[in-house]
Every structure is written in C-alpha cells, then in structure tokens.
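I have placed the structure first, in the form of structure tokens, so that the comments after it can refer back to it.
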Amino acid sequence: MVMCEGMSDPADFTGYQVALWREIATDLGLQETKDWVFSCVDWNMMLEDLANANGSCSFGAAGVEVISANIDLGFKFSWPIYKSGYHILVAAADDGGVWSFTQAFHWSVWLLLGVTAIGVSLLITAVECMTHGNKVNKRGLRGWSWYTTAKLVQNTVQVGDPHTWASKVLVLGYAALTVVMVHLFTASTAGIMTAKNLANDIKGVDDLAGKTVQTWEGYMTSLRDTSYDAVGLPWDTNADTAAFVDNLRSHRYQALVLDTATIMDMASHAEHCDLFPVGGAFQTFDLSIAFPPDAPDGLISNVSTSMVRLQTEGAVLDELERVFMHGETVGKMADIYGKGLDNAHTCADALSDDAAGGQRVDTVIHFKQ
C-alpha cells in the first residue's frame, strides 16, 4: 500500500496511504516540507519508534492494524482508513504452455510412436511393391508414410487400403496399437488435468484444511485456532516477499494467507496474471493511522475529522482505494495519482522490488517543530 523503498525524494513516494495523507494535509492546510515531511523506514522500526517515548516520529501514516497487540503498546488510532483482514492467495496451475499435450507420455514414447509409423510404412511399401498381381496398391513410401501417420491420429487420407494379405495384417496390428495409444493418451491427459484442478480447488478459508498454507510468522498467533495448519515464514525483506510468491508458483505451498491489502497488491502485480485472491476477507480488522501514546488528542481528532469530511463529502477514500487497490484509471484521483503508477496495478506488469514489500516498509510522518 506504500511504495517508497529506494526513493531518495519523498515527493516520489506513492501508494494508498501516502496519497491519503497528502489529501488530509491539504484539507488541514498543512504544507509538505514546511509543516511536515515523509520518512521511509522499516515497518518494525516504525512501530518501535512510535512506542518509544523519545521517538522521532509524530505518527505513522502507514496503515497499522488495530489489534490488541498494538493497543497494548499504547498506540492511539485515527478513524479507520481501510477495512482489512486475512485473505487467501493461490497460484494458477502450470498449464505447460503450447506443448502441454506432450505431458501425457514420456518423450521416448513419442519417439517410439514416430519410429513405429515410419517402420510400418516401410514394410507396407516393401510388401506392396514386391508382390506380383493386379490388385497391388503401389502408392510408394510417400503415400504409405502419409497413410500410417494419419492412422496414428485417427484420420483418413485418400491413399486407399493395402491389397495384399501381408499388408492388411500389418495395418490391422498397427490400427490396434493406435487405438490403445489414443485411449492411453486420453486417460493420461484427463488425469493430469484433474490433478491440476485438485491442486487449485481452494475457494475460501473452509477449503484450507489439509492444504499446505504459508503465512507470515507474525500472524501465527492470530491463526493458531484455525482449522488448518499454516507454516509461519519470515517477512522482513523484499526477498521474503518474493519467496512467498515463488512458493506458490512452484506449488510448494498451495495457499498464502496475509492481510487483504498485501494479497490484492501481489495479485495486481503478478507478472503473468497467475496469482488470484480467493474467497473474502476473514478475521477482519481495521487499519488506521497510528499515533504514539503521548500524542495530543486534538491532533488525532483533527486527522480523523478530516478523513470523515473527505470521505463523506467527496468519497476520497473510496476513489483512492479504486486507484491503488484496483487499478482504476478514470476519475479525479486517478488523474492526480495514477500517472506515477505507470499502470502498476495491472497484472501484466512485473512485480517490482519497490512495490513487493507491500506493508513491511511504510511511511512515517515527521512534523516540523
């Protein structure tokens, strides 16, 4: 929801929460660089700074979870900026590409079928050409090669049938072989397709039981009492985010459970449009602007009031969500903030390192004193 890592100029920071704060600041008459400045810090560092009585940040513009763990740290929260929760991400089955039909047999079987077709055509050609009689069908090697290849794919060609008994026996045996191979091909292909569909039969949280599920190790406490067993993995760097995605694409894990905003971001940035959020959000919670324990209540009230005003009078939060979460390209907010995205929220674009960190690197506001 925030893209700022590796950007030296705060003016280049973008994302839902960055854009929202700029709208709030404008509504409150606060000017960037004069009254406030952005800082891009690690997620855990941001939380530690907010909880520290001597911290340097006035508040975090990032969407911080309104959960008991953060309340216990003494954080104060604004009016919610986004309704989140846990969501499921799955990867499309590997269709094998253009040559997926060849998966039914090992390459050596395909090679043997080709050799068999050529061998039978040679035998028929030899028998037909070497047999004396008026009823001999002398089509030559080219004709009989075409004949046997057509039989292999259950097709007919205008070559005619062999006339000698020896050739007829060869064709009969070859025809029996092709019938068997066609049925084996059909059965094998159906089995492969069924297995792939079973690997992606997750439609919601109720389908996670018995599946291999990965999540962030920080969510393990919240997901402990669920009907499925999730494996907690580290999520501190962009490499960890990429590992989540790689695990899905390689089918090492069948599902990924993270917060809704991150799941939607991963799906929208999927390079091959092969990642899909399924089901709805569950165990929902709010994301809000977080303030340190000693933050003045007047500041929190002003920020919350501004958000309510922006939403009720102009649906600003809804428009920003459409721009940054769903790739909306039409409307006032899209005109203001969409240009810097370079269509980043279409799944045809590659997953960028800056965006991949999702919620783990976020923006912290510093007010000028």
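General observations
- Placing dummy labels 7 Å off each Cα toward the beta-carbon, the span from MET7 to LEU111 is 5.4 nm.
- Percent carbon-and-sulfur accessible area, region 220-278, ignoring ligands, DNA and RNA, probe 1.4 Å: 51
- The mean accessible area for residues of region 224-274, using a 1.4 Å probe and ignoring ligands and nucleic acids, is 43 Å² per residue.
- Å² of accessible area per residue within region 1-49, as computed with a 1.4 Å probe and no ligands counted: 44
- √(5λ) per eigenvalue of the Cα gyration tensor, region 1-82, largest first, Å: 21, 15, 13
- Inter-part distance where region 236-261 and region 1-33 are each reduced to a Cα centre, Å: 27
- Mean Cβ neighbour count within 10 Å, used as a protection proxy, ranking 57-63, 226-232, 31-37 highest first: 57-63, 226-232, 31-37
- Between the C-alpha center of region 37-115 and that of region 289-306 there is a gap of 28 Å.
- Placing a pseudo-label 7 Å from each Cα along the Cα-to-Cβ vector at ARG224 and ALA176 gives an inter-label distance of 6.7 nm.
- FRET efficiency, ASP35 to SER68 (Cβ-Cβ, R0 35 Å, nearest 0.05): 0.60
- Placed amide H near THR237: partners under 5 Å, 5+ positions off or other chain: none
- Across region 196-319, C-alpha contacts under 8 Å between residues 6 or more apart give a mean separation that, scaled by the residue count, equals a relative contact order of 21 percent.
- Long-range HN-HN contacts of LYS76 with modeled amide H, under 5 Å: PHE291
The values are calculated or read from the model by the stated rules, or taken from the named source; none is laboratory data. It should be emphasised that the depicted structure is a prediction, and the values quoted were computed from it without experimental measurement. For neighbour counting, all protein chains shown are included, and Cβ atoms are generated from backbone atoms with ideal geometry for every residue, glycine included. Just so you know, the surface numbers come from the protein's heavy atoms only, side chains and all, with ligands and any DNA or RNA stripped out. Shrake-Rupley method; radii C 1.70, N 1.55, O 1.52, S 1.80 Å.
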